[in-house]
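Asker: Quick one: the structure is below, questions incoming.
The values are calculated or read from the model by the stated rules, or taken from the named source; none is laboratory data. Worth saying up front: this structure is predicted, and the values here are computed from it rather than measured. Cβ placement follows ideal geometry from the backbone for every residue including glycine, while neighbour counts extend to all protein chains displayed.
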């Protein structure tokens with residue numbers, strides 16, 4: 001672990017907490033929003049613990065996860081669309097609190113929190129299985145096809161985990177309009193997967209054969 005990596009990870013974490021708080025509580029006009037505090041807790045506490053673990057056990061993987069500079073034009077478009085989608089969803093949820101729009105019942109919020117934590121567990125398993133996992137679409141030196149564990153079920157288990165994470169967020173917040181907005185993640189992630197597979201087919205030996213072996217991209221028996 002280097003001092004620079006530690007500083008980079010901590011600054012990113014604090015920046016994420018502050019930004020999330022602003023886009024939720026400023027539109028809401030109040031801090032008295034239990035769903036928002038619940039989301040902040042289940043999002044950032046596991047993230048902090050996971051960051052500490054990676055910093056101690058796998059700083060190289062942490063460095064990859066902190067790298068967000070995309071070279072592929074299609075992926076830069078995907079990232080921009082995702083940012084707009086999240087901003088719209090969280091602001092909409094906050095405005096719902098401010099103006100007293102109907103909220104989803106408490107049990108739905110708790111169920112959403114459980115789904116979110118399940119998504120986190122899947123994400124952690126993907127990190128354990130794939131040492132080449134990066135936030136950018138690229139083929140790394142020495143990279144090999146992973147076809148065991150979750151990768152033997154779907155070709156993109158990381159995106160399967162993020163699907164659970166992202167679609168459960170508005171449920172935790174209790175906002176049905178925000179849930180409708182985050183459904184746009186489906187075409188966005190489909191575009192990312194299409195481009196990612198093109199890159200992997202060009203640069204990763206054995207990936208074409210892997211696609212034939214593992215049929216499903218994201219959701220078993222559906223797509």
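Asker: Kindly indicate whether any position in segment 95-107 is at pLDDT 75 or above, closer than 20 Å to residue 161 by Cβ and assigned to a helix (DSSP H, G or I).
Answerer: There is no residue in segment 95-107 that is at pLDDT 75 or above, closer than 20 Å to residue 161 by Cβ and assigned to a helix (DSSP H, G or I).
Asker: Limited to segment 4-22, what total is found for residues that are within 19 Å of residue 55 (Cα to Cα) and surrounded by fewer than 12 Cβ atoms within 10 Å (Cβ to Cβ)?
Answerer: Counting residues in segment 4-22 that are within 19 Å of residue 55 (Cα to Cα) and surrounded by fewer than 12 Cβ atoms within 10 Å (Cβ to Cβ) gives 5.
Asker: Taking interchain pairs and intrachain pairs at least six residues apart, which have beta carbon atoms under 7 angstrom, with the first residue in segment 13-27 and outside any helix (DSSP H, G or I) and the second surrounded by 14 or more Cβ atoms within 10 Å (Cβ to Cβ)?
Answerer: The qualifying pairs do not exist here.
Asker: Something else now. Residue check: is residue 70 at pLDDT below 90, outside any helix (DSSP H, G or I) and touching a helix residue (DSSP H, G or I) at 6+ places or on another chain (Cβ under 7 Å)?
Answerer: yes
Asker: Here's another thing I want to ask about it. Within segment 154-161, is there a residue that is under 16 Å from the mean Cα position of the chain (by Cα), surrounded by fewer than 17 Cβ atoms within 10 Å (Cβ to Cβ), outside any loop (DSSP other than H, G, I, E, B) and at pLDDT 90 or above?
Answerer: no
Asker: Give the residues of segment 195-207 that are without any contact (Cβ under 8 Å) to a residue 24 or more places away in the chain and either under 22 Å from the mean Cα position of the chain (by Cα) or surrounded by 14 or more Cβ atoms within 10 Å (Cβ to Cβ) (or both), sorted by residue number.
Answerer: Correct list: 198 only.
Asker: Follow-up question, since we're still on this one. Any chance you could count how many residues in segment 166-194 are buried (at least 18 other Cβ atoms within 10 Å of the Cβ) and in a loop (DSSP other than H, G, I, E, B)?
Answerer: Residues meeting the conditions: 2.
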